[in-house]
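Data first, discussion second: the structure below is written as structure tokens.
The values are calculated or read from the model by the stated rules, or taken from the named source; none is laboratory data. Keep in mind the model is a prediction, meaning the values are calculated, not measured. Cβ: placed from backbone, ideal geometry, glycine included. Neighbour counts: every protein chain shown.
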Amino acid sequence: MKLGPALLTSFAFAAFLFILAPILIVVMASFTPRGYLDFPPQGLSLKWYAEVLGSWVWLRAFMFSVALAFVAATATTFICFLAALVTTRRRVPGKSLFELLVQLPLLLPHAALAMALFSLVLFIGLRGTFMGLVIAHLIVVMPFVYSPIVNGLRQHDLSLEEAAMTLGADPVTIFRKITLPMIRPALVSAFLFSFIVSFDEVTVSVFLIGVDLTTLPVKILSDIQASASPAIAAVSTLLMCLTLAMVYVVNRFVGIRMFVENRA
Amino acid sequence: MKFGHATLLLLLPCVGLLIGMLTGVGSLVIQAFAGSQGPSIANFTEFTSRPEVVGVFWYTHEVALIVTLICVFFSYPLAVFMAMRPRLIYLILILLPLMVSIVVRTYGWVVLLGPRGLVNTLLIDVGLIDRPMRLMFNTGGVVVGLVHIFIPFAVLSILAVYVKIEKSLPEAAMSLGASPFKVFTKVILPLSLPGVATAATIVYLLTLGAIVTPLLLGGQQQTMLGTMIYNQMLVYYNFPAASASAILLTASAAIAVIPFQLIDRWATRKLPGGEQS
Amino acid sequence: MPAGEVQVDRVMKRYGPVQAVQNVSLNVRGAEFLSLLGPSGCGKTTLLRMIAGFETPTEGRIMIDGADVTKVPTYRRPIGMVMQSLALFPHMDVRENVTFGLILRKESRAIAERKAEDALAMVGLAGYGDRLVHQLSGGQKQRVALARSLVTEPAVLLLDEPLSALDLKLRQQMQEELKRIQKRVGTTFIFVTHDQEEAMTMSDRIAVVNEGQIEQVGSPQEIYDSPASLFVANFVGDTNVLQAEVLGSDASGTQVRLLGTGETVNARGAAFAQGARVELMVRPDYLRLNSPGAGTGLTGTITERTFVGNTTRYLVSVNGREMKVRVPHSPQVNGFMPGQDVLITWPSGGCVALPSTKN
Ligand SMILES: Nc1ncnc2c1ncn2[C@@H]1O[C@H](COP(=O)(O)OP(=O)(O)O)[C@@H](O)[C@H]1O
Ligand SMILES: [Mg+2]
């Protein structure tokens, strides 16, 4: 009986190592002074960071990705919040079909989803534009936003709103002072999560980028195919720092467990 | 607060998104069935008549099955471990990679497995080999990369079900004389099977639809459906062919996950709410 | 100060096929403590929520202090409410909870906080303003909810089983305190409960609700001594029910003959037709046990004896039927033992004749 847990623990740590290894490797590789990736790095240098941060192309892709993720996350959070308010509080005809369709982007194989969204964007004539990418991303992140908000609203005790009403609060006041503060964690978590998903998205975006309009992950993808420059490692590391910062924010404000509990 | 009929209007923006998505799916279907003279199934017969394309189809499902089996096999004990030691740090270790773009994570494998990657360098330095081994641009590389990317999903799916198993159940089984092995096979495994089925479904679907990882880690011989669609669309600009491939991909995905869904059904058949879902 | 009179006028509430409240009329007097008492699912909450304005009656009107409020939204009704879940706002501290209604009424913060402090002092929580909701015990939450709904000085306070989550000791303590506070502030309380003892100890009047209808409204004593129906008799306290036939009946009472034993009994109760079948209700604690031959009464055999502290409960088999008898306990008297024959007697007027439910 003693052997079992010890085996399990060592297995778990090996698994964690496996999961983390490629990520750590990228970080280590980013500090090489050489012009190509090598191991172990001969010395430490920040030259690739300097190159990336001084490069207009990388900065542009970064800012474009941030703008895209911000718009997509904000709009989807708002849209799904409105929808979830209705579906959690009243009978909606066809609700199960509605919720199935909301989850559809998660159920379709990614390549097929990418093709469908490509068709849509082509259909409305927005290929290669910011709006086209925004529309596609709205749909991609929708299931990640809808579920946590619905769960938040389900846990929200409606008798709090009734209590406020007996104390003289009108519907607008109730919404501002009770409903919104109570489900703010769910909204924040939905927003941050969808921001991350949109920011990281590459499979759909690669079909939709324009001539000089590319997201950061797509640029990384094409650079990996084209070169072995350690600049990619530096960008990737910066990206991970950003993600880490966001995860920290999420954990501070709503608790990271929310992500596990709110999975559909 | 009262929600009258007028509040149904609040659904409109979301319904608009859904209509957009369905428009995309619809125009994809129309493209796939478009021929030079009206509707035809030429794009599909073209697909099935070329052995190398059919080969890609079967190869994709083969990889998906292998990746699914490996993911489930390794994530189950990891989920058990995380359930027994519910520490935030372990959860973060699993969640963090999920929040790093798959391009970056796949790039990590390129750095590790590439001709000048860490593994080859080490092996050469130690003297085990004198020329770089081919660690990527083969099936092994693709499978390792995909397993790495999808294992967190599998762990979280199994964990979600596992932690809900009533703690008193294994104890009750032991009090009735069950050995640890029996407790596992008769109580814990059957109760956690729905989580395993979910994990398998998710990983299988994700593998089928993957583009980035097979693109970067696979070679010419390791084309999968995702990369084939990518090539058809972005290299050869053959929209109808890519549409047909996407539809075959989706249809075969729907069929392929049926066994996992049946396992889930069977495992939950006696649980509350198990029969209808 | 408003009187706090509530009139429920032929109110009906349907949920699809379910008749939750059927044609209920009820006049609640100003400053009284009225309980709505009935089993779970009988429509108490629905009635209370219609008074609060959360539900609209399918038919009928609701008036508060003479004004028809049937169509007035909750937040404009002169009411307060303590919910079963208490519904304290978890994102606010105690002070913010209590001042919530005052600030909505445009009170200045200083005055609101002073009033809140007074209200908290009244419920015995002076100085608790900075506490967070989750730092309070069950009883303290109860008090905060009460302070929060009273501080706005509503004409009527509605309470939906607010004590049901508390353990017995604390519940009894809160019952007394609620009663005391109600008398002190002079607000009309409408209190929903399914616990007859709770209703008894707290209320000025009790309205007994059954299947969406009010069966009887009266003081606790009226309800206990003179139940208007078999349902009320059974729901409020323990009863023995015996079948009887009416010998004669007038305004002062009814004379009946027990079926089976042929005993003649004088009972209270409305005028019945001669020869009608009635149910004779008698409380176990009105009955006395004597040795056989000590007078007139029902003879029977003790089948069971249970000592419950302040009383001893006997089950007596009379003519093949079990009768319950409850005798005050005193340490000097040993009472009767199972198997012993006894004579059951009762003071005249101890029985009530009720219309038979089976014909
Ligand atoms: N919103 C509702 N929809 C449908 N039926 C309801 C609703 N609210 C209450 N009912 C029904 O009305 C009846 C009375 O319920 P309620 O007033 O809650 O009873 P009580 O509070 O006395 O336990 C019950 O049969 C209940 O099922
Ligand atoms: Mg109730």
Failed item, numbered, when B:Gly177 is tested on (1) part of a loop (DSSP other than H, G, I, E, B); (2) within 12 Å of chain A (Cβ to nearest Cβ): (2)
Among the numbered criteria (1) at pLDDT below 95; (2) part of a loop (DSSP other than H, G, I, E, B); (3) away from ligand 2 (no atom under 15 Å from the Cβ); (4) touching a Ser or Thr at 6+ places or on another chain (Cβ under 9 Å), which single criterion is violated by C:Pro57? (1)
Within region A:152-264, helices (runs of 4 or more DSSP H) holding 3 or more residues that are more than 14 Å from chain C (Cβ to nearest Cβ): A:180-200, A:205-208, A:216-226, A:231-253, A:257-261
What tally of residues in region B:140-174 results from selecting those that are touching a helix residue (DSSP H, G or I) at 6+ places or on another chain (Cβ under 8 Å), part of a loop (DSSP other than H, G, I, E, B) and more than 12 Å from every other protein chain (Cβ to nearest Cβ)? 1
Could you please find all residues in region B:181-215 being within 14 Å of another protein chain (Cβ to nearest Cβ) and modelled with pLDDT under 90? B:Phe181, B:Val183, B:Phe184, B:Ile188
Have a look at C:Arg148, C:Arg105 and point out the one that is in contact (Cβ under 8 Å) with a residue 60 or more places away in the chain and away from ligand 2 (no atom under 16 Å from the Cβ). C:Arg148
Has region A:67-81 got any residue that is part of a helix (DSSP H, G or I), more than 18 Å from B:Cys14 (Cα to Cα) and at pLDDT below 90? no
Looking at (1) within 14 Å of chain A (Cβ to nearest Cβ); (2) under 15 Å from C:Phe189 (Cβ atoms), can you tell me which one C:Arg105 breaks? (2)
So the check is Cβ under 7 Å with 6+ separation or different chains; which pairs have a first residue in region C:1-28 that's at positive phi and a second one that's hydrophobic (A, V, I, L, M, F, W, C) and more than 16 Å from ligand 2 (Cβ to nearest atom)? C:Gly4/C:Ala31; C:Gly4/C:Ala155; C:Gly4/C:Val156; C:Asn23/C:Met12
Considering region B:229-267, residues that are in contact (Cβ under 8 Å) with a residue 40 or more places away in the chain and among the hydroxyl-bearing types (Ser, Thr, Tyr), and then whichever is surrounded by the fewest Cβ atoms within 10 Å (Cβ to Cβ), we arrive at B:Ser252
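Yes or no, residue by residue, for (1) acidic (Asp, Glu); (2) within 14 Å of chain A (Cβ to nearest Cβ); (3) more than 9 Å from ligand 1 (Cβ to nearest atom):
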position	(1), (2), (3)
C:Met12	no, no, yes
C:Tyr15	no, yes, no
C:Val18	no, no, no
C:Gln22	no, no, yes
C:Ala31	no, no, yes
C:Leu47	no, no, no
Read through the list (1) assigned to a helix (DSSP H, G or I); (2) crowded, with 17+ Cβ neighbours inside 10 Å; (3) not polar (S, T, N, Q), then give the number of the only condition that B:Phe137 fails. (1)
Taking the condition among the β-branched types (Val, Ile, Thr), in a loop (DSSP other than H, G, I, E, B) and surrounded by 20 or more Cβ atoms within 10 Å (Cβ to Cβ), does B:Val100 pass? yes
Within region C:60-85, can you find the residues that are at the interface with another protein chain (Cβ under 8 Å from one of its Cβ atoms), away from ligand 1 (no atom under 16 Å from the Cβ) and in a strand (DSSP E or B)? C:Ile79, C:Gly80
Just need a number here: residues in region C:323-359 that are part of a loop (DSSP other than H, G, I, E, B) and either within 30 Å of C:Gly269 (Cβ to Cβ) or touching a residue at least 60 places away in the same chain (Cβ under 8 Å) (or both). 9
Only unsatisfied item for A:Cys80, checking (1) more than 10 Å from chain B (Cβ to nearest Cβ); (2) in contact (Cβ under 8 Å) with a residue 40 or more places away in the chain, is (1)
Looking at C:Ile51 and the list (1) within 28 Å of C:Glu197 (Cβ to Cβ); (2) within 9 Å of ligand 1 (Cβ to nearest atom), which single condition is not satisfied? (2)
Which condition number does B:Met82 fail, the rest of (1) at the interface with chain A (Cβ under 8 Å from one of its Cβ atoms); (2) out of contact with any Phe, Trp or Tyr (no Cβ under 6 Å at 6 or more places or on another chain) being met? (2)
Quick one: is B:Val63 in a helix (DSSP H, G or I) and within 12 Å of chain A (Cβ to nearest Cβ)? no
